[in-house]
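A.B. asks: I'd like to ask some things about the structure below.
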Amino acid sequence: MAGFNKKLLKNKLAQQYYLAHQRFVQRHPHAHVFLKDRGVPPEKLREKARRLLSTGALTGALLLSAPQLAHNTRGSVAVLSPYELSQELKEKLSALLPATVEALTKNQEKELSKFFRSVFGIDAQAELDGNRLNHSYGYIGAEQHLPRYPGDTISQHDAIQESGITPGRGAWGYFAPSKNEMKEDLVEKEKYYVAVQTMYLADWNTRMLQLRDWYKYRKVLVVNPKSGKAVVAVIADAGPAIWTGKQFGGSPEVMDYLESKDGRQKGPVVLFFVNDPDNKVSLGPLEYNVERGGAPLAQK
Amino acid sequence: MNKIFYDHLVGIDEITALVDGDLVDLMDNTMHHHILDEILTHLPVEHHKAFLERLAHAPHDPGLLIFIQEVTVIDIEKAITKRANAVKKELLKTIRNSRKK
């Protein structure tokens, strides 16, 4: 930058940016409104790409390995873009789910489990070890970051700081007793956490000690049928309250990836327990098949 | 910088390399507005919604370029490059004119 009048240059570049912005708004007002409403105005495009890539979403060459999703003309193994993959998943899920967000039948849950197994190669069930939530299909709302240890602040979280941090701890307390004792797996747990309504379980009060331990960091599969996105998270908080009309809460990273917020800041999701005794399923976006050794589901 | 689907046609790095800090963002954002203007100008209106949805969903998806190539009647890659070159020329001029005398 040596040799430039930085202030002058900044003013001139800001003016050019303003003119380009005004021209865009005037010529394509519908596009301006659409992108703004989706939270991705032109200024945020690169940020959006960064987020997707940093969360592992849509990275690398993703090759579809679930034959039942393949239907293109390029061969027996379909090569889909991430967008095409999500469209396929949306289509399949809409056929398996009721038209409105309501309680699923045992049969619907079973069919969904089969579908998740075939696509993602994971064992995901609405009921596990005799435990089930009151809802396996419901609305999820956006939660804030959780404090991971005493003294944790929002500035110490590496992404989506604009979501803020809750003033109190999660229902299962701090993730670690101190900053020094935070480990990578605990960082991931806070990034990809959900809140579920354990407090409304019929046997919560009578079996609280057992249930508390069973639900703590229980791995779950969360699937947004509207976006076709799936993420693996852990249960790390209780809520939301029944009067909110929501049945689940999602961490900023979970909500960002699932694209689960509509204008009312909530969206429908399927939430199943993941049976993963050998801890083979990683937390975060699920864009691969676990049983096929992590084979990606689509090609960029 | 993380990639947007049209970056390889634009070559914004050629001029952002000359500046630093928030000036990079100003140039980059100016370019995004121009390129989207160019694309939407040539893209038939009935395809705007599908394009914008895909863009908001995954701005780096190379399938976006394939999509707009298929539904526009002109050589859209050429149009993007031409517009990008014109914008880069203007930005370069601005940089040169801001040299200390």
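Here, each number is a calculation from the coordinates, and none is a lab measurement. This one's a predicted model, so the numbers in the text were calculated from it and none came from an experiment. Cβ placement follows ideal geometry from the backbone for every residue including glycine, while neighbour counts extend to all protein chains displayed.
A.B. asks: May I ask for the angle, rounded to the nearest 10°, between helix A:106-120 and the longest principal axis of chain A, with both axes built from Cα atoms and the value confined to 0 to 90°?
C.D. replies: 50
A.B. asks: For A:Glu287, A:Glu111, what ranking results if the residue with the fewest other Cβ atoms within 10 Å of its Cβ goes first?
C.D. replies: A:Glu111, A:Glu287
A.B. asks: If the viscosity is 0.692 mPa s and the temperature 37 °C, what Stokes-Einstein diffusion coefficient in µm²/s follows for region A:134-230 when Rh is the Kirkwood radius over Cα pairs?
C.D. replies: Diffusion coefficient, whole number: 217 µm²/s.
A.B. asks: Which one of A:Leu209, A:Leu112, A:Leu97 has the biggest mean-square fluctuation once chain A is modelled by GNM with Cα springs under 10 Å?
C.D. replies: A:Leu209
A.B. asks: Return one number: the angle in degrees, 0 to 90 and rounded to the nearest 10, between the long axis of the Cα atoms of helix B:48-57 and the longest principal axis of the Cα atoms of chain B.
C.D. replies: That helix lies at roughly 60 degrees to the long axis.
A.B. asks: Further question: Would you mind giving the mean number of other chain beta-carbons within 10 Å of the Cβ of each residue in A:32-44, as a whole number?
C.D. replies: Working: counts 2, 1, 7, 4, 0, 1, 5, 1, 5, 5, 13, 7, 4.
Mean number of neighbouring Cβ atoms from other chains: 4.
A.B. asks: Determine the shielding of peptide B:35-46 by partner chains: average, over its residues, the number of Cβ atoms on other chains within 10 angstrom of each Cβ.
C.D. replies: So the per-residue partner count for this stretch is 3.
A.B. asks: With the crude spin-label approximation of a point 7 Å out along Cα→Cβ, what separation in nm comes out for A:Lys114 versus A:Gln26?
C.D. replies: Result: 6.0 nm between the two label points.
A.B. asks: Can I ask one more? Could you list which residues have their amide H under 5 Å from that of A:Gly39, counting only those 5 or more apart in sequence or on another chain, with H placed in the peptide plane?
C.D. replies: When sequence neighbours closer than 5 places are left aside, there are no close amide H contacts.
A.B. asks: Right, here's the next one. Can you tell me how chain A classifies by the Cα gyration tensor, rounded, prolate or oblate, using a/c under 1.5 as the rounded cut?
C.D. replies: It comes out oblate by the Cα gyration axes.
A.B. asks: Taking chain A as a Gaussian network, Cα atoms linked when under 10 Å apart, which of A:Lys266, A:Lys229, A:Lys179 shows the biggest mean-square fluctuation?
C.D. replies: Residue with maximal mean-square fluctuation among A:Lys266, A:Lys229, A:Lys179: A:Lys179.
A.B. asks: Determine, for A:Ser86, A:Ser251, the number of other Cβ atoms within 10 Å of each Cβ, and report the residues in order from fewest to most.
C.D. replies: By the 10 Å Cβ count, ascending, the order reads A:Ser86, A:Ser251.
A.B. asks: Rank the residues A:Asp129, A:Asp123, B:Asp28, A:Asp278 as a footprinting-exposure proxy: fewest other Cβ atoms within 10 Å of their Cβ go first.
C.D. replies: Ordered from fewest to most neighbouring Cβ atoms within 10 Å, A:Asp129, A:Asp123, B:Asp28, A:Asp278 come out as A:Asp278, A:Asp129, A:Asp123, B:Asp28.
A.B. asks: Let me ask something else. Relative to the Cα centre, what is the charge dipole magnitude of the protein assembly as shown, using +1 at the beta carbon of each Lys and Arg, -1 at the beta carbon of each Asp and Glu, and rounding to the nearest 20 debye?
C.D. replies: Value, rounded to 20: 1260 debye.
A.B. asks: Okay, moving on. Can you pull the one-decimal nm distance between simple spin-label points at A:Ser155 and B:Glu14, each 7 Å off the Cα toward Cβ?
C.D. replies: 4.1
A.B. asks: Can you give the mean number of other chain Cβ atoms that lie within 10 Å of the Cβ atoms in peptide B:13-19? Can you show the working numbers first?
C.D. replies: Values: counts 0, 0, 0, 0, 0, 3, 6.
Average per residue, whole number: 1.
A.B. asks: Could you tell me how far the Cα centroid of region A:4-44 sits from the Cα centroid of region B:1-56, in Å?
C.D. replies: One Cα centre to the other: 11 Å.
A.B. asks: Nearest 10 degrees is fine. How inclined is helix B:22-42 to the longest principal axis of chain B, computing both from alpha carbons?
C.D. replies: 30
A.B. asks: Now a separate question. Number of Lys pairs in chain B with C-alpha atoms less than 26 angstrom apart, excluding same-chain neighbours closer than eight positions?
C.D. replies: Taking the Cα cut-off of 26 Å, the pair count is 17.
A.B. asks: Can you tell me the dipole magnitude for region B:7-96 around its Cα centre, using point charges on the Cβ only (Lys, Arg +1; Asp, Glu -1), in Debye to the nearest 20?
C.D. replies: Working: 9 positive and 16 negative charges, 74 e Å.
Dipole magnitude for region B:7-96 comes out near 360 debye.
A.B. asks: For chain A, set up a GNM with springs between Cα atoms under 10 Å and report which of A:Ala20, A:Ala31, A:Ala176 has the largest fluctuation.
C.D. replies: Sorting by GNM fluctuation, first place goes to A:Ala20.
A.B. asks: Let me ask another. Helix-only mean residue ellipticity at 222 nm, chain B, DSSP H runs n ≥ 4 weighted -39,500 (n - 2.57), per residue, nearest 500. What is it?
C.D. replies: The helix-only estimate for chain B comes to -21500 deg cm²/dmol at 222 nm.
A.B. asks: Here is a further query. Spelling out what I want: for every residue of region B:72-83, take phi, set θ = phi - 60°, compute 6.51 cos²θ - 1.76 cosθ + 1.60 (Karplus), and round to whole Hz; glycine and proline get x.
C.D. replies: 9, 8, 9, 7, 5, 4, 5, 5, 5, 4, 4, 5
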